[in-house]
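Report on one structure; see the data block that follows.
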Amino acid sequence: MKGWRRKGAKVLAEFEQQEAAVLRGLVSQVDDMLRARGDEAPEDELSELTGIRTGPSESPHDPVLSRLLPDFHRLDPDNPSKEDLDSAAALRSLHEPEVLEAKVGVAAEMMRTLPPEGGDVRLTYEQADAWLSALNDVRLALGTALDVAEDMPEELPEDDPRAPHLGVYHWLTWVQESLVQALSE
């Protein structure tokens with residue numbers, strides 16, 4: 001990929017087969033995690049009657065999912081009150097299904113617009129926004145799994161098991177930055 005460019009009302013790029021495979025694989029993994037989390041939603045008869053969906057009331061235990069689905073209400077880590085805990089659980093239960101739906105939707109849009117064998121990608125601005133969200137989710141997931149921090153060096157020693165994946169993380173960052181730049185031209 002040489003970078004995104006804007007042409008009229010479209011944003012264009014060309015992906016090599018291997019690049020498309022990496023992107024599709026990572027987006028698919030994040031999508032699978034999010035869908036599995038959605039399947040954890042409790043059965044709720046009232047939800048079926050009202051159409052108001054509810055999700056789990058507890059934060060995900062998996063650090064990657066926890067990063068993708070942060071708490072909606074900040075708790076005092078030293079002294080969370082029962083009222084704060086109840087509020088956080090209620091907010092999560094009410095809003096997580098919408099967040100999951102949005103994240104799964106942008107992943108689906110990226111998978112739909114990225115040819116499996118690589119090639120030209122032509123996006124509307126709305127599709128480009130979906131790509132930005134999906135890329136952000138993949139970067140958050142991979143960055144959490146790799147324990148990426150601001151003080152992390154650009155390259156890790158060859159014997160570090162995270163080293164090959166850090167290159168993918170940096171490439172994803174570049175793809176995302178390139179898309180942002182093309183959109184802001």
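Observations on the model:
- Arg53 meets the stated requirement of being of a type in the set (Lys, Arg) and at pLDDT below 95.
- Of all residues in region 131-148, those satisfying the criterion of being crowded, with 21+ Cβ neighbours inside 10 Å and under 15 Å from Leu183 (Cβ atoms) are Trp131, Ala134, Leu135.
- Boolean, Val104 is assigned to a helix (DSSP H, G or I), more than 29 Å from Phe72 (Cα to Cα) and within 16 Å of the chain's Cα centre (by Cα): no
The values are calculated or read from the model by the stated rules, or taken from the named source; none is laboratory data. Values in this document were obtained by computation on a predicted structure and should not be read as measured data. When we count neighbours, we look across all protein chains shown, and the Cβ atoms used for this are built from the backbone with ideal geometry, even at glycine.
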